[in-house]
Amino acid sequence: MNRKQIIIAVIVGGLLLIGLLFYLLRDRNGPSEEVGEGELPRRERVAGTEGFWPDAPPPETDPEELRRLWPDLFLPAPDREEAEREWKAFAKLYPDNVYIPSRYTSAPDDAEKERRLKTLDTVGDVETKLAVRRMQLEKGARPGTDGPDAPADSDISPEDQRIYFGYRIRELESRIQLVEYFLNQGNADAQQRALASDDLNAWKKELAEYKRIVEEIPR
């Protein structure tokens, strides 16, 4: 497992894994037998057979190989009540965190919905412009020569710049809150704590840089 996978496991292990499994287990007591439009039928529903290939031998499964490839499958299922308590406690501390499932937050009013929609549209538009600009710079770059000059005037308005960096700031702050909350619960091992500490330091430096940029955006 590489560094990125381990730090993701830290976040997921503390809160997101609980929330995800809580969501996945919601229909555990009785999945629907109905087949929706465009869905493939269940194997046991094929008339006269027990599957699509009734004569095929059952696959041989090595439990140790499964454990090595997908160790998370062998983790104990989270307690639903504990998941509820964890998310509610986290939401009380950080009500504006973007990773909190909607069931643990108050419903936004019409003005907030409109603001969120505008933010997402603006972020998507800015990301597209940045991607095009990066592609142009890479295409114009030649070994041993200077790349093309940056445009004299940005094609992204100051207002859109503030919305974009405001979104990035909030996302980074939410990520930091999640990891710090998990570490404070005392469930991380030494390796997870070391990796989390490095990433937290990097995120906080990135956060400070974003805030500095926002201060320099013309009004």
statement: Cβ pairs under 8 Å, 6+ apart or interchain, first in the range 180-193 and at negative phi, second among the polar types (S, T, N, Q) and open to solvent by less than 60 Å² (accessible area, probe 1.4 Å), ordered by first then second residue, are none
task: Filter the range 152-173 down to the residues that are acidic (Asp, Glu) and open to solvent by less than 80 Å² (accessible area, probe 1.4 Å), then identify the one that is nearest to Arg134 (Cα to Cα).
output: Asp160
query: In the range 76-126, how many residues are modelled with pLDDT of 90 or more, small (Gly, Ala, Ser) and part of a loop (DSSP other than H, G, I, E, B)?
result: 0
- line: When restricted to Leu117, Leu130, the only residue closer than 20 Å to Ser157 by Cα, surrounded by fewer than 12 Cβ atoms within 10 Å (Cβ to Cβ) and among the hydrophobic types (A, V, I, L, M, F, W, C) is Leu117
task: Look at the range 174-216 and say how many of its residues are outside any helix (DSSP H, G or I) and either surrounded by fewer than 16 Cβ atoms within 10 Å (Cβ to Cβ) or charged (D, E, K, R) (or both).
output: 4
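Here is a yes/no grid of residues against (1) farther than 26 Å from Trp87 by Cα; (2) touching a strand residue (DSSP E or B) at 6+ places or on another chain (Cβ under 7 Å); (3) at pLDDT 95 or above:
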{"position": "Glu173", "(1), (2), (3)": "no, no, yes"}
{"position": "Glu180", "(1), (2), (3)": "no, no, no"}
{"position": "Ala188", "(1), (2), (3)": "no, no, no"}
{"position": "Leu207", "(1), (2), (3)": "no, no, yes"}
{"position": "Glu216", "(1), (2), (3)": "yes, no, no"}
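The values are calculated or read from the model by the stated rules, or taken from the named source; none is laboratory data. As the structure is a computational prediction, the values presented were derived from the model and not from experiment. Note that we place each Cβ from the backbone using ideal geometry, even for glycine, and neighbour counts take in every protein chain shown. Quick note on the areas: whole protein, heavy atoms, side chains included, nothing else; ligands and nucleic acids left out. Shrake-Rupley method; radii C 1.70, N 1.55, O 1.52, S 1.80 Å.
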